[in-house]
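To start, the structure itself, in structure tokens.
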Amino acid sequence: MSQTQAAFTAVHLPPSISSSNTRIVRYPPILRLPVELTLTTFRYCSSDIKARLGLSHTCRHWMAIVLRTSGLWTDIRIRINHPAESRQFGNLISLLEIQLERAAGMPLDVVWKSDQISAFDPRLMNLLRRKGPFSQWRTLQMRFQFPAFNPDDVVLFHSGDAFSNLESIVIFSSVRSSIVEVLNRTTTSKL
């Protein structure tokens, strides 16, 4: 065997481990990466909350990293694109609450899509006001396509809802002018 082959096959163990028959715990190389590199890898994964939860359920090491890094939880996706059943809507509220708690006051990038009026359910709006106030929103993308929607039928935003840190807003299709008026009134001049 050449010296090069020997260098790759020889494993140097501490004397206490190599001289006994104790069980050797070997960590996979992925768990030996520096936390910064692991986080960089995580940022390339989907920002969907279910993907983040999947990362946190892989192993204890990854769970610790994901739960300690509030920046991984700042991409908020609110999608209500089917008839909202009570249970499904309750799951959306629960997942959103977890995500807003883990974002820990960081600026939020929000994508909000819906084709039904239940997008403005009071439970959802109250949660957003409490856990992820509109003043934390850095970017907002809204895509609402409501058939026969009358904005007077539902409270969208209150006069106290301030989008003071909003840097970017994109609004698609049939959003009524009342939503735009509230956003114009409560955002800063940097838009």
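Scanning the range 110-138 for residues that are surrounded by 17 or more Cβ atoms within 10 Å (Cβ to Cβ) and in a strand (DSSP E or B) yields a total of 4. Of all residues in the range 28-82, those being touching a residue at least 24 places away in the same chain (Cβ under 8 Å), hydroxyl-bearing (Ser, Thr, Tyr) and under 30 Å from PHE134 (Cβ atoms) number 4. Looking at the range 96-109, is at least one residue assigned by TED's automatic domain parsing to the domain that holds ILE169 and either modelled with pLDDT under 85 or over 21 Å from PHE163 (Cα atoms) (or both)? Yes, because at least one residue in the range 96-109 is assigned by TED's automatic domain parsing to the domain that holds ILE169 and either modelled with pLDDT under 85 or over 21 Å from PHE163 (Cα atoms) (or both).
The values are calculated or read from the model by the stated rules, or taken from the named source; none is laboratory data. Quick caveat, the model's predicted, so the values are computed rather than measured. Cβ: placed from backbone, ideal geometry, glycine included. Neighbour counts: every protein chain shown.
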